[in-house]
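Written below as structure tokens is the structure these notes are about.
The values are calculated or read from the model by the stated rules, or taken from the named source; none is laboratory data. A quick note: this is a predicted structure, and the numbers were derived from the prediction, not measured. Glycine also receives a Cβ, built like all others from the backbone with ideal geometry; neighbour counts cover every protein chain displayed. Just the protein is used for accessible areas: all its heavy atoms, side chains included, with ligands, DNA and RNA removed. Shrake-Rupley method; radii C 1.70, N 1.55, O 1.52, S 1.80 Å.
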Amino acid sequence: MPQRLVVTGASGYIGARLVERARQRGCEVAVLGSAPPGSDVTAVPWRLGEAPRLTAFLGASAVLHLAHDWASDRLHGTAPENANLTGTQILADAARGAGLSRFVFASTTSARPEALNAYGQIKYAIEERLRVLPWSEGRIVCARIGLVYGGPERAQYALMSKLATLPALPMIGLDREVQPIHLDEVCDGLLALMLHPPLGRHAVVIAGTRPVTFGAWLRTLRRARHGRRMLLVPVPIRLALAGCDLSKRLPFVPTVERERVLGLAGAAPMPSADDVAALGLSLRDPMRALRQSRPARRRLIAESAALLRYVAGRRVRSPGAIIRLARAMRRDPASARALPWAATRWPALLRFVEPIRPAVQHGLARRLHLAAMVAETLPAQRRWRATWCLRVTVQVALEAVALPFRFVLRALTA
Amino acid sequence: MSDPAADIVVIGSGPAGVSAALPLVEAGRRVVMIDGGRNRDASAGSPWHRMLGAHLEALRPDDGLSPKLRTPEARRLLGAFHGREPIEAEDFLAIGALGRGGLSRIWGAFVCELQDDDLQGWPLTAYDLRQSYDAVVARIGVSGSHDDDMAAFYGYSDALQMPPPLGPTAAAIFKRYSAARPDPEFALGRARNALITENRWQRQSCDLRLGCLWGCERGAIYDARQDIALLRQYANFELRDVTARRLVRADGGWDVITTRGDRLHAPRLVVAAGTLGSLRLVAPLLGPALELRVLNSPVMAVPLLVPGRLGGKLPDAGHSLAQLGFRLACSTKPGDYVSGAIYEVAGLPPSSFAARMPLGRRAATEIFHALAPALAIATVYFPGRYSANTVTLRPSAQADQAPDIEVRGAVAPEFDEVARTARERLARIWRRLGARPLPGAAFATAGTDAHLGGLFPMGLAAPHGTNNYGELHAAPGLHLVDGSALPTIPSKFTTLTIMANADRIGRYLAELA
């Protein structure tokens, strides 16, 4: 019989993917509150703070509580009236009353009493409240989730993605360590907590096992998605908070929440290797995972088409060839750096930036070589035999024009 | 635990393995052959499938030197070999194949015999190999010519088939040569390839479709898998899909321990895993630390431009194996010559050439296409005595493991001078034949030629030497029948000789009680 899981916050960044993955594994899912858009799961009307109808738990074995009321944080802060505090306990009691054996609470790696942001303090307070429940042991587990990336650009991943589009960024907390983990890995970890025997711990850390500084993480995001570098300028925390306040008052400027800034400034890593291993997760290298994200793919496809066009000397209309080259470039670490923007747009410009020595080790030369390999699998181009001499002359002349630029470029990059 | 099901276990299903196995099987000996793997054939499908591989395994940057090594088939075979206990190599390309048919799946198919002059330093004469040469040539199917200047050099086998037509560029060079011999010490003639031009058992003749490099669907080019089909007709032959990991002396014979952990027992072993593959297997039997030599043929590729062909048409029919073969005597000493082959570029991938041209990609590709009808490539092979590669065996860091193997590539001190002289003389000859050597001539990294040998030389008295029948002095009952047992590597292509030598040893073992 398939296991039935109850999920709150199912329309969120993590929730939507989790429901999808749970159902792929053959679990039945009932949603409390709003269902993921476009999904046909059973949704039971519910709001945080209410006790759900008992029928919602019928036949279920575990509850995952992902929902979080941000408005209540703003309104009440860490005061006991915060709906997240009371609501979680009501939900947990209801689940227990319905005879469920597992309650998984989605917490955060910033959950600690001394957290700078309200979010971390509240999550910690909820964890503590759940811990002292008389039936807590072996039934309640708090999943402390790290910095989640991947999948659709929502929640804080949307913000990170937006930041990664910028060539330069003044930022706070650049030296704080974060623990990035892919959305799919988080979902698998949460599912493991619900479906498998308990680990015997009240709090389990589902976060990247190798902490990286926030600055390094932003650079990784930018490099993987856009193939470019990022200039980061450290900003003192006070200045950043003043900026947040200012952003609220200025029209046409996106508002930046103090909460986010404080969350970053207070980030500190938690050891996660044991928990991740116990959950049976093997974490992907974020760089590799990110290079499969949609913007990264789109960029590669555009570059692939440009390289093929340059090498073949004509527009290549075979989508198969373009995709094959993009695939080869994606798995080739030497081609992580993006082409100059203008060269993607006007491939003929590649002649001016091509490395002088045609060694296939260099990034661009390597990609051009791959492109040439793909181009020769295409049907042969008709060439006028009579004009061979003219064609050679034209090419030699163009080379002569381009050569000084390439020399200058080599001198600049050396 | 032991498996006494065979009189002889043959390790390796390449040209040497099958050549040694055939006389044994024909004589009624029970033979078990083991080889490294399944038969994944990728020659079918759309062009990109054949050229890049279904999983794009061949869409990786290569050094652009040898188009032969960049095909999906080559990457799979060589990759599988490398995947197992890699051989450390410096200035050397450690080529070995793990898979049914071995390197014959990607070879250049040039075949020629060694004469007495070439066999100096061997405990054999051409007479000892005569019967085997004939048998192998008759079996694998060879096309070539008996009436040009190279015929005697390549050997007079009776069973030659008609050569395929020459490509236009090669024909232009050959015509000039036939009209006026440019140098008394230089000879040029039709290449001799293991390419059939008449149908035979389970194989179709060459249909001149130019796709040779990417695998011949018709089986026109010899490939040891064709002989495996022949061997499988015999009830006393068995082929097993396991890789040998270790050889252990046991019960007056040998146990082959496979990577799966099972044992195969036989009174005698025939090791034909390819020179470096055999080295891997035999190294643990030679003691913990040892320095050996390995010979290769230093090889140079020279692009030639035949101006008379500029503006001509690139042929749309033909083959991309060698068109012509040549020889240039270096001195009056017997056996002191360089030899090589001339290829046309139709059917070869332009990117491999464009990568080596001192131009941008676009210009290089366009110019290559414009010049292609007039281009030919000459490969020049130098005798193995000019190679000075060393193989070092070191005890492994982990106990009970095979020793670590390190190959270091080098050439003899006099080689630069020899190469320069040969290159200059050949350049003069090319010009007289109406061809201009283009800049961009290059020596391949040692080992790229895959003409390896001299590791366990026949006739050498040292423990790592072998007797006339490839039997290792340090390991009686173990016969090396591949390139590793050749005492010298001449400038000629050695595959046919390796096969003939394996056949000879096979015949000898068949007669043993």
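List of remarks:
- Rolling a 1.4 angstrom probe over the protein heavy atoms with all chains in place gives segment B:71-219 an accessible area of 42 Å² per residue.
- Scattering profile of the protein assembly as shown at q = 0.06, 0.08, 0.09 Å⁻¹ [log10 I(q)/I(0), Debye over alpha-carbon scatterers]: -0.58, -0.89, -1.00
- Spherically averaged projected area of segment B:264-376 from its Cα convex hull (nm²): 14.1
- Sorted largest first, extent of segment B:419-497 alpha carbons per principal axis (Å): 55, 21, 21
- Beta bridges per DSSP, both residues in chain B: antiparallel share near 75 percent.
- Here A:R260 and A:L409 are evaluated by their C-beta separation; at R0 = 51 Å the FRET efficiency comes out at 0.80.
- For B:T421, the shell of other residues with beta-carbons less than 15 Å away shows a net charge of -2, using +1 for Lys and Arg and -1 for Asp and Glu.
- Over chain B, relative contact order from alpha-carbon pairs under 8 Å, at least 6 apart, %: 24
- Average accessible area per residue (Å²) across segment A:54-125 - probe 1.4 Å, nucleic acids and ligands excluded: 38
- Prolate/oblate/rounded call for segment B:113-237, Cα gyration tensor, a/c under 1.5 rounded: oblate
- Residues in segment A:204-220 carry Karplus couplings, in order, of 10, 8, 10, 8, x, 7, 10, x, 10, 5, 4, x, 4, 5, 4, 5, 4 Hz; the curve used is 6.51 cos²θ - 1.76 cosθ + 1.60 with θ = phi - 60°, and Gly or Pro positions show x.
- When nucleic acids and ligands are ignored and a 1.4 Å probe is applied, B:C216 ends up with an accessible area of around 50 Å².
- Calculated FRET value between A:M287 and A:D93, using beta carbons and R₀ = 35 Å, to 0.05: 0.20
- Gaussian network model of chain A, Cα within-10 Å springs - most flexible of A:Q89, A:Q179, A:Q395: A:Q395
- Interface size A-B, as summed buried accessible area [1.4 Å probe, Å², nearest 100]: 3100
- Relative contact order (%) - criterion: Cα under 8 Å, at least six apart; region: chain A: 12
- Between B:R200 and B:S205, the built amide H atoms are under 5 Å apart, and every one of these is 5 or more places off in sequence or on another chain.
- Tensor-based shape of segment B:368-417 (alpha-carbon gyration tensor, a/c under 1.5 rounded, otherwise prolate or oblate): oblate
- Of the whole protein surface, B:Y343 contributes about 40 Å² of accessible area at a 1.4 Å probe radius.
- When the Cα gyration tensor is reduced to axis lengths a ≥ b ≥ c, the ratio a/c is 1.5 or higher for segment A:6-164, and with a/b not above b/c it is classed as oblate.
- The tail of the calculated P(r) for chain A, taken as Cα-Cα distances beyond 28 Å, holds 57 percent of the pairs.
- Distance between segment A:258-299 and segment A:15-94 - C-alpha centres, whole angstrom: 24
- At q = 0.22 Å⁻¹, base-10 log of I(q)/I(0) for segment A:268-333 (Debye sum, equal scatterers on each alpha carbon): -0.90
- Using θ = phi - 60° and Karplus 6.51 cos²θ - 1.76 cosθ + 1.60, couplings along segment A:304-310 (whole Hz; Gly, Pro as x): 4, 4, 5, 5, 5, 5, 5
- Whole-Hz couplings from phi, Karplus 6.51/-1.76/1.60, listed for segment B:246-261; x for Gly and Pro: 8, 10, 10, 6, 7, 6, x, x, 10, 10, 9, 9, 8, 5, 7, x
- Length added when fully stretched, A:A342-A:L231, from 0.36 nm per residue minus Cα-Cα: 37.9 nm
- Of the accessible area of segment B:230-275, computed with a 1.4 Å probe over protein heavy atoms only, carbon and sulfur atoms account for 42 percent.
- Evaluating kT/(6 pi eta Rh) at 25 °C and 0.890 mPa s, with the Kirkwood radius of segment B:262-314 over Cα pairs in the Stokes-Einstein relation, gives 149 µm² s⁻¹.
- Spherically averaged projected area in nm², based on the convex hull that wraps the Cα atoms of chain B: 22.8
- Note on chain A: antiparallel DSSP beta bridges, both residues inside, total approximately 5 percent of the bridges counted.
- Across segment B:394-513, the mean sequence separation of Cα contacts (distance under 8 Å, 6 or more residues apart), normalised by length, yields a relative contact order of 15 percent.
- Alpha-carbon centroid distance for the pair segment A:184-216 / segment B:252-274, whole angstrom: 49
- Projected onto planes of every orientation and averaged, the convex hull of the alpha-carbon atoms in segment B:317-445 covers 12.5 nm².
- By the helix-only formula, in which each DSSP H run with n ≥ 4 contributes -39500 (n - 2.57) and the sum is divided by residues, the protein assembly as shown has a 222 nm mean residue ellipticity of -10500 deg cm²/dmol.
- For segment A:180-255, the solvent-accessible area with a 1.4 angstrom probe is 50 square angstrom per residue.
- Note on the protein assembly as shown: antiparallel DSSP beta bridges, both residues inside, total approximately 50 percent of the bridges counted.
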